[in-house]
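Enquirer: If you scroll down you'll find the structure; I have some questions about it.
The values are calculated or read from the model by the stated rules, or taken from the named source; none is laboratory data. None of these values were measured; they are calculated from a predicted model. Backbone-built Cβ (ideal geometry, glycine too); neighbour counts: all protein chains shown. Note: areas computed on protein heavy atoms with side chains; ligands, DNA, RNA excluded. Shrake-Rupley method; radii C 1.70, N 1.55, O 1.52, S 1.80 Å.
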Amino acid sequence: MNGFARYALYMVPEGEFYRKGADWLGWDSVLGQAATQPALDGLPQDARAITATPRKYGLHATIKPPFRLAPGCDATGLDKAARDVCAALAPVTLPALNIARLGSFIAAVPAQPSPDLQHLAAETVAAFEPFRAALTEAELARRRKSRLTPRQEALLTQWGYPYVMEEFRFHITLSGALPQPEAERTREILAAHFAPVLPEPVIIDSLCLMGEDQEGLFHLIHRYRLSG
């Protein structure tokens, strides 16, 4: 549990969707090992190139974005807080996930908005804020390259990440940025590839504490069931 560069709280799927998604990305964060990527016909690039950006994170949806531990905090305290927070949060049920194009990348997203999911994410972000070290000037500058709105800038300043609270959009990333024609073709192929294993309904009944190793790869530390 100790010795990781950064920590995060993710929703990590389970079952067949996880297995197929981890294989697609080429990194299994649960087992902490590389996975064999499938060769899918018709892709505009090979799978390794398409997944280069999201691979190190593993198959997941970000709930509390990656953070360095604040001075005075340690992984033992983080683990205890995660147990307490997840014991107080209720599971969330989504009707389904769709494979969609979000700008230039592909992701699995909820078929319809969920206020309960927004609440879960907001509560988690706030609960773990005492453990987050302040961003460095370099980290702030890197985030600001994304042309943030005034509200996103305010969220970055307050919470260390611009896409939280009302700006949060649940998504399970499946690709890096792609040119528009390639993105649409990749979406079609991935929609067919994942169709047999996308759960209906989607029951989010756990959150996972993740750790980033010195090579930038994320590993599952512990899965906590939501029991509130």
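Enquirer: Between L102 and residues 5 or more places away or on another chain, which pairs have amide H atoms under 5 Å apart, with H built 1.01 Å from N, and which residues are they?
Expert: Here the answer is A107, since their amide H atoms fall under 5 Å of that of L102.
Enquirer: If the only charges are +1 at each Lys and Arg Cβ and -1 at each Asp and Glu Cβ, what is the size of the charge dipole of the chain around the Cα centre, to the nearest 20 debye?
Expert: 420 debye
Enquirer: Right, something else. Residue-wise, which Karplus ³J(HN,Hα) couplings in Hz belong to region 102-107, taking 6.51 cos²θ - 1.76 cosθ + 1.60, θ = phi - 60°, and x for glycine or proline?
Expert: Result, rounded to whole Hz: 9, x, 9, 10, 10, 8.
Enquirer: How many Lys pairs in the chain lie less than 22 angstrom apart by Cα atoms, where the lysines are 8 or more positions apart or on different chains?
Expert: 5
Enquirer: While we're here: Just need the relative contact order of the chain here, percent rounded to a whole number, with Cα pairs under 8 Å and 6+ apart.
Expert: 35 percent
Enquirer: Okay, moving on. How charged is the neighbourhood of L135? Take every other residue with its Cβ under 15 Å from the Cβ of L135, and add Lys/Arg as +1 and Asp/Glu as -1.
Expert: That works out to +4.
Enquirer: Given the options C86, C208, C73, which has the most mean-square fluctuation in a GNM of the chain, springs set between C-alpha atoms less than 10 angstrom apart?
Expert: Comparing C86, C208, C73 in the GNM, the peak value goes to C73.
Enquirer: Return the single residue from I172, I63, I203 with maximal mean-square fluctuation; model: Gaussian network over the chain, springs between Cα atoms under 10 Å.
Expert: Looking only at I172, I63, I203, the largest GNM fluctuation is found for I203.
Enquirer: Could you do me a favour and compute the accessible area per residue for the chain, 1.4 Å probe, result in Å²?
Expert: Accessible surface, normalised per residue, equals 48 Å².
Enquirer: Relative contact order for region 130-228: what is it in percent, counting Cα pairs under 8 Å that are at least 6 residues apart?
Expert: Once normalised by length, the contact order is 13 percent.
Enquirer: Residues with beta-carbon under 13 Å from that of E153, excluding E153: net charge, scoring Lys, Arg +1 and Asp, Glu -1?
Expert: Result for the neighbourhood of E153: +4.
Enquirer: Mind checking which of P95, P196, P38 has the largest fluctuation in a GNM of the chain, springs on alpha carbons under 10 Å?
Expert: Maximum among the listed residues: P196.
Enquirer: Calculate one ³J(HN,Hα) per residue across region 188-204 by plugging θ = phi - 60° into the Karplus curve 6.51 cos²θ - 1.76 cosθ + 1.60, and present them in order as whole Hz with x for glycine and proline.
Expert: With coefficients 6.51, -1.76 and 1.60, one gets 4, 5, 6, 4, 5, 5, 8, 3, x, 10, 5, x, 9, x, 9, 9, 8 Hz.
Enquirer: Per-residue ellipticity at 222 nm for the chain, helices alone: DSSP H runs ≥ 4 residues times -39500 (n - 2.57), over residue total, nearest 500 deg cm²/dmol?
Expert: Result for the chain, helices only: -10000 deg cm²/dmol.
Enquirer: Continuing with the same structure: Mind listing the long-range amide H neighbours of W27? Cut-off is under 5 Å, sequence gap 5 or more, other chains count too, H placed in the peptide plane at 1.01 Å from N.
Expert: HN-HN under 5 Å from W27: A35.
Enquirer: Now, a different point. What label, among (i) 0.99; (ii) 1.16; (iii) 0.93, belongs to Cα Rg over 2.2 N^0.38 Å computed from the structure on display?
Expert: Of the listed options (i) 0.99; (ii) 1.16; (iii) 0.93, (i) comes from this structure.
Enquirer: Here is a follow-up. In whole Hz, what ³J(HN,Hα) sequence does region 206-217 give by Karplus (6.51, -1.76, 1.60; θ = phi - 60°), x for Gly and Pro?
Expert: 7, 10, 10, 7, 10, x, 9, 7, 5, 8, x, 8
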